[in-house]
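Note sheet for the following structure.
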Amino acid sequence: MTTLVDTSVWSLLLRKRGPTDHWAVRRLTRLIEHRQRVALTGVILQEILAYFRSDEVAASVAVRLRPFPLLEPTRADHESAAALFRHARAHGVAATTVDCLIASVAASHDAELLTTDGDFARLVPLAGIRLTPPEE
């Protein structure tokens, strides 16, 4: 099984002061240690790298993330994301177009989504995605 790791989790792992002791970071660390398939999308990679103030730090992080494959969205994923955005809005669920794209990519690749972003929980019934459950 593939686990698509959202920006919210990578940012907790890659903090300047070191990783946060958070269930999602522990889960990601275990997945990596056990050589499970951990992936990103291009937009997640872009979000991660965009927030570093230094080009050098961003380049270093980019190198650290290279072993993790990118799940590239297809045309169908973009169309599905747009439909999900409209569907969510019609049901009173606030969602960004980026979150809808990430959800669509997760669904089309049958990947579980590891995130700390509560917005995705509201998309589960609309998008048919699986979220990694939090640890107790």
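Just so it is clear, none of the values below were taken in a lab; they were calculated from the coordinates. Owing to the predicted nature of the structure, the values given are computational and were not obtained by experimental measurement. Cβ coordinates were reconstructed from backbone atoms using ideal geometry, including for glycine residues, and neighbour counts include every protein chain displayed.
Before moving on, here are some points about what is shown:
- Projected label distance in nm at VAL93 and ALA121, using a 7 Å step from Cα toward the beta-carbon: 1.4 nm
- When both the range 31-60 and the range 1-23 are represented by their alpha-carbon centers, they are found 9 Å apart.
- Structure remark: mean-square fluctuation, Gaussian network model of the chain, C-alpha springs under 10 Å; the largest value among VAL25, VAL43, VAL124 belongs to VAL124.
- A simple count of charges around HIS109, restricted to other residues whose Cβ falls under 12 Å of its Cβ and scoring Lys, Arg +1 and Asp, Glu -1, yields -2.
- Between 0 and 90°, nearest 10: helix 23-33 axis offset from the chain longest Cα axis: 70 degrees
- Ascending count of other beta-carbon atoms within 10 Å, so fewest first, for PHE68, PHE85: PHE68, PHE85
- With the simple spin-label model, which puts each label point 7 Å out from Cα in the Cβ direction, the GLN46 to ASP21 separation comes to 3.7 nm.
- To the nearest ten degrees, helix 75-90 and the longest principal axis of the Cα atoms of the chain are 70 degrees apart.
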